[in-house]
Amino acid sequence: MTQPGPAPAPLHPHPTDSPEDSMQAIGIHDLALATAHHVLDLGDLAESTGTDPNKYRIGLGQSLMSVPAPDEDIVTMAATAARTLLERTGTEGIRTVLFATESGVDQSKSAGLFVHKLLDLPSTVRVLEVKQACYGATAAVQAATGIIARNPGEKVLVIAADVAKYALDSSGEPTQGAGAVAMLIAADPDLLVIERGSGLSSVDVDDFWRPNDSAVALVDGALSLTAYLDALTSAWDDYRDQGGVAIEEIDRFTMHQPFTKMARKALKRLGQHTGAELGDELQEVSFTYNRDLGNTYTASMWAGLAALLDLEDDLAGRRIGLFSYGSGATGEFFTGIVQPGYRSSRRAAQVQEALEARVPIALPEYRELHARVLPSDTDVETERVTKAPYRFAGIRGRARVYEATGA
Ligand code: CAA
């Protein structure tokens, strides 16, 4: 018979760990954002259907959406974001690449392996793809913190990249978009320490999904809104049960933003649920990039975080509450503490440049691109459009081919 050992450590310690808890601080060391070649003005989309543009601008809180060129996809945006990041941080210590996406390009191979090659990363890394609708990148970041807790010298490259695509003329169409956020997760990070308390909520619900033979997502719009809000309050309750801090101890919020108005609805619901006064000034800045990117699915909440860190000047030492939601559905509420040096590596100019470099696309061209389907049984060579450093060159022998453009 085994003798009883020392009492086990609590499974879910309070996020502000006690001094005797020697767990190292782990979190986001740096991040970078990339988007697609084209931009569509939602005013043009509204005009084409006789819709009041304010339905999109005010009702949904969206102005523009990124649209990929024929030679762009999640891999090219991911590689661009990761290149920007790694030019600053280097690749030393990276032994894991986690690629989170809803819009995967292969049923078997991780999109991360294409990025791995484009960026010439060492062979001594594990590479995999993570999927749970818009939640995937949060799972990847949490997994990364676990890997680093075990091997504090290692770093994990997490990339969230998506192309949000709904049927033409559907109510989801104005909530499309495209973008990627690459993050380096490490011990003693420069930007955000991710605290250990986390609230979870999963239920099986058909609010948004994409069958294997469909290029566009299917959605029950009204159900998706209630599923999101229910996941938020359930995840919050679990967060508190796990020892998470009181709502008053959270200084800013960034939530999943399928359209920015959704996050307004979410914060209002959280206020009602907790009885706290939660004004939109606690999250308004997090809308800055997403309003012009559109929905970037897995990247959306992280683009919100990027905006907060890039554009707010007084966040050092402050706690940010993050709510990640992936239809189907999984939600997670967790928090992070902004690090003192966060302002030294800001990316606002680079993001602004990427947003402004987008080439406006006219409605007919957008609709033609949207409807385009790549043949599955013949080789394809895509036209050269993107000005990004990497492009999707086409399909040869049924395998996707990517190349550097020299940009
Ligand atoms: N001026 C100002 N506001 C106007 C307006 C006008 N002229 N006309 C309408 N509005 C407002 C409406 O009042 C409404 O606001 P409230 O919700 O605050 O009342 C808003 O504009 C939208 O109007 P509708 O509800 O009539 O819009 P809709 O039914 O055509 O479509 C939608 C809305 C269901 C969200 C649709 O865009 C959709 O299906 N989107 C995709 C699904 C989605 O994003 N769901 C979010 C939760 S799921 C998730 O988060 C995961 C994910 O990424 C997909």
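For the range 379-407, what are the residues that are more than 25 Å from the chain's Cα centre (by Cα), among the acidic types (Asp, Glu) and part of a strand (DSSP E or B)?
If the condition is that a residue be more than 25 Å from the chain's Cα centre (by Cα), among the acidic types (Asp, Glu) and part of a strand (DSSP E or B), then Glu381 is the only one that fits.
Taking Arg291 as the residue in question, decide whether it is touching a residue at least 24 places away in the same chain (Cβ under 8 Å), open to solvent by 30 Å² or more (accessible area, probe 1.4 Å) and within 15 Å of the chain's Cα centre (by Cα).
Yes, satisfied.
Collect the residues in the range 233-260 that are in contact with an Asp or Glu (Cβ under 8 Å, 6 or more places away or on another chain) and within 16 Å of the ligand (Cβ to nearest atom), keeping them in residue-number order.
Ala235
Is it true that Ile185 is touching a residue at least 24 places away in the same chain (Cβ under 8 Å), among the aliphatic types (A, V, I, L, M) and either under 30 Å from Thr274 (Cα atoms) or not in a strand (DSSP E or B) (or both)?
No: the conditions fail for Ile185.
Can you tell me which residues in the range 265-316 are among the polar types (S, T, N, Q) and within 16 Å of the ligand (Cβ to nearest atom)?
Gln272, Gln283, Ser286, Asn290, Asn295, Thr296, Thr298, Ser300
With Val130, Val156, Val115 as the choices, which residue is hydrophobic (A, V, I, L, M, F, W, C) and either under 30 Å from Gly50 (Cα atoms) or in contact (Cβ under 8 Å) with a residue 60 or more places away in the chain (or both)?
Only one candidate qualifies: Val156.
Could you list, in sequence order, the residues of the range 57-93 that are in a strand (DSSP E or B) and open to solvent by 10 Å² or more (accessible area, probe 1.4 Å)?
Once the filter is applied, which keeps residues that are in a strand (DSSP E or B) and open to solvent by 10 Å² or more (accessible area, probe 1.4 Å), the range 57-93 yields Leu64, Val67.
Looking at the range 31-55, I want the residues that are among the acidic types (Asp, Glu) and have a partner that is more than 16 Å from the ligand (Cβ to nearest atom) and assigned to a loop (DSSP other than H, G, I, E, B) with Cβ atoms under 8 Å, at least 6 apart or on another chain. Which pairs are those?
Listed by first residue and then by second, the contacts come to Asp44/Ala362.
Only one of Ala316, Ala276 is in contact (Cβ under 8 Å) with a residue 24 or more places away in the chain, open to solvent by 50 Å² or more (accessible area, probe 1.4 Å) and not in a helix (DSSP H, G or I). Can you tell me which?
Within the list Ala316, Ala276, the selection yields Ala316.
Is it the case that Leu218 is part of a strand (DSSP E or B) and either on the phi > 0 side of the Ramachandran plot or free of Cβ contacts under 8 Å to residues at least 24 places away in the same chain (or both)?
Criteria met by Leu218.
In this structure, is Thr260 touching a strand residue (DSSP E or B) at 6+ places or on another chain (Cβ under 9 Å) and among the β-branched types (Val, Ile, Thr)?
It is false that Thr260 is touching a strand residue (DSSP E or B) at 6+ places or on another chain (Cβ under 9 Å) and among the β-branched types (Val, Ile, Thr).
Show the residue pairs that are 6+ apart or on different chains and have beta-carbon atoms under 7 Å apart, the first residue being within the range 66-78 and among the polar types (S, T, N, Q), the second being part of a loop (DSSP other than H, G, I, E, B).
Ser66/Ala36; Ser66/Arg358; Thr76/Thr386; Thr76/Ala388
Among the residues of the range 351-369, how many are touching a residue at least 24 places away in the same chain (Cβ under 8 Å) and over 21 Å from Asp73 (Cβ atoms)?
Adding up the residues that qualify gives 2.
Those residues that are among the hydrophobic types (A, V, I, L, M, F, W, C) and either open to solvent by 10 Å² or more (accessible area, probe 1.4 Å) or assigned to a helix (DSSP H, G or I) (or both), I need them from the range 223-249; list them, please.
Scanning the range 223-249 gives Leu223, Leu225, Ala227, Leu229, Ala231, Leu232, Ala235, Trp236, Ala246, Ile247.
Which one of Leu42, Leu33 is within 14 Å of Asp292 (Cβ to Cβ), touching a Lys or Arg at 6+ places or on another chain (Cβ under 9 Å) and either more than 16 Å from the ligand (Cβ to nearest atom) or open to solvent by 30 Å² or more (accessible area, probe 1.4 Å) (or both)?
Sole residue among the options that is within 14 Å of Asp292 (Cβ to Cβ), touching a Lys or Arg at 6+ places or on another chain (Cβ under 9 Å) and either more than 16 Å from the ligand (Cβ to nearest atom) or open to solvent by 30 Å² or more (accessible area, probe 1.4 Å) (or both): Leu33.
Which one is nearest to the ligand (Cβ to nearest atom) among residues in the range 151-175 that are over 16 Å from the mean Cα position of the chain (by Cα) and either modelled with pLDDT under 95 or of a type in the set (Asp, Glu) (or both)?
Of everything passing the filter in the range 151-175, Glu173 is nearest to the ligand (Cβ to nearest atom).
If I filter the range 176-196 for residues that are surrounded by fewer than 23 Cβ atoms within 10 Å (Cβ to Cβ), within 16 Å of the ligand (Cβ to nearest atom) and of a type outside the set (A, V, I, L, M, F, W, C), do I get at least one hit?
no
Among the residues of the range 341-351, is there at least one that is touching a Ser or Thr at 6+ places or on another chain (Cβ under 8 Å), surrounded by fewer than 24 Cβ atoms within 10 Å (Cβ to Cβ) and in a helix (DSSP H, G or I)?
For the range 341-351, residues touching a Ser or Thr at 6+ places or on another chain (Cβ under 8 Å), surrounded by fewer than 24 Cβ atoms within 10 Å (Cβ to Cβ) and in a helix (DSSP H, G or I): present.
The values are calculated or read from the model by the stated rules, or taken from the named source; none is laboratory data. In this text the structure is predicted, and so the values were computed from the model without any measurement. In this analysis, Cβ positions are derived from the backbone assuming ideal geometry, glycine residues included, and neighbour counts consider all displayed protein chains. Ligands, DNA and RNA are stripped out before the accessible areas are found, and what is left, the full protein with its side chains, is counted by its heavy atoms. Shrake-Rupley method; radii C 1.70, N 1.55, O 1.52, S 1.80 Å.
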